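Data first, discussion second: the structure below is written as structure tokens.
The values are calculated or read from the model by the stated rules, or taken from the named source; none is laboratory data. None of the values given here were measured: they were computed from a predicted structure. Heads up, the Cβs are rebuilt from the backbone with ideal geometry, glycines too, and the neighbour counts pull from every protein chain shown. Ligands, DNA and RNA are excluded from the accessible area calculation, which covers all protein heavy atoms including side chains. Shrake-Rupley method; radii C 1.70, N 1.55, O 1.52, S 1.80 Å.
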Amino acid sequence: MNKIKTAIFLHVLLVLLELIALAHDIEAFGAGLFQYYTIDSNVLMMLVSAVIAAHLIRRGGEPVPAPVQVLHLTCAVCLTITFFIALLVLAPQEGFAYYFLSDVAPINHFLGAAFSVTTFLFFEKPAALRKTAVLAPMAASLLYGVIALVLNAVRVLDGPYFFLRVYDEAPGTIALWFGIIAALCLGLSALYLWLRSRYWRRHAA
């Protein structure tokens, strides 16, 4: 029961934090906010958290439905990718403070990922997932990337990330970054599923 209460608290907190971030991002970026992988991942996490919190409030210890758990896995992985890209690639170029301390950056680049991963691993009873669930975060990320590339090619978008600028970057650079992100998604997804399975085998109550 303590796990359920903690999960509800964390998901409600996530919804509130993501609403704060979304309100800021709407004001800052207007209709263009959904061009950002970071914002897309955080908004999806907000919606998934709302569904999970409602489920846990109504049904207590019953596992969250498998499709929702796959969406949560996708959010957890995509938000982790956002954290690593911001920390290791973007922050060294434009400043750590901008990506982790300014405005709602702590929510978009760190807190969303931290709470999402924590709740997925330790506070939600696993449902039986198909083996193909491990591919969901990679598929979602590649779908975003392909759409963004096409919109860059037709000059609807400029970026928003350097490796999406088809007229400025070499095809090899673009392919390399797609490969890196796909590999990270697949590796993190497999890791999170393994860690969660191992934890719940030992601590299920």
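Brief remarks on what is shown
- Check on Ala139, part of a helix (DSSP H, G or I), modelled with pLDDT of 95 or more and under 15 Å from Arg196 (Cβ atoms): no
- Selection status of Ala76, assigned to a helix (DSSP H, G or I) and surrounded by fewer than 18 Cβ atoms within 10 Å (Cβ to Cβ): no
- Note on the range 161-176: among residues that are part of a helix (DSSP H, G or I) and open to solvent by less than 40 Å² (accessible area, probe 1.4 Å), the one that is nearest to Gln93 (Cα to Cα) is Phe163.
- Applying the criterion of being in a helix (DSSP H, G or I) and farther than 22 Å from Thr6 by Cα to the residues of the range 110-136, the residue that is farthest from the chain's Cα centre (by Cα) is Lys131.
- Options Phe120, Phe115: the member that is under 19 Å from Leu73 (Cα atoms) and open to solvent by 40 Å² or more (accessible area, probe 1.4 Å): Phe115
- Residues in the range 91-105 that are under 17 Å from the mean Cα position of the chain (by Cα) and either under 16 Å from Cys185 (Cα atoms) or not aromatic (Phe, Trp, Tyr) (or both): 2 in all.
- Filtered by the rule that a residue be part of a helix (DSSP H, G or I) and either surrounded by fewer than 16 Cβ atoms within 10 Å (Cβ to Cβ) or among the charged types (D, E, K, R) (or both), the range 90-104 gives Pro92, Gln93, Glu94, Phe96, Ala97, Tyr98.
- Ile107 vs. criteria touching a Gly at 6+ places or on another chain (Cβ under 8 Å) and either surrounded by 13 or more Cβ atoms within 10 Å (Cβ to Cβ) or outside any helix (DSSP H, G or I) (or both): no
- Within the range 25-45, residues that are touching a residue at least 24 places away in the same chain (Cβ under 8 Å) reach partners that are among the charged types (D, E, K, R) with beta carbons closer than 6 Å, at six or more positions or on different chains, in the pairs Ile39/Asp25; Asn42/Glu18.
- Selection status of Ala182, surrounded by fewer than 18 Cβ atoms within 10 Å (Cβ to Cβ), touching a Leu at 6+ places or on another chain (Cβ under 9 Å) and either in contact (Cβ under 8 Å) with a residue 12 or more places away in the chain or of a type in the set (A, V, I, L, M) (or both): yes
- Residue list for the range 44-69, filter: crowded, with 19+ Cβ neighbours inside 10 Å, at pLDDT 95 or above and either β-branched (Val, Ile, Thr) or part of a loop (DSSP other than H, G, I, E, B) (or both): Val48, Ile52
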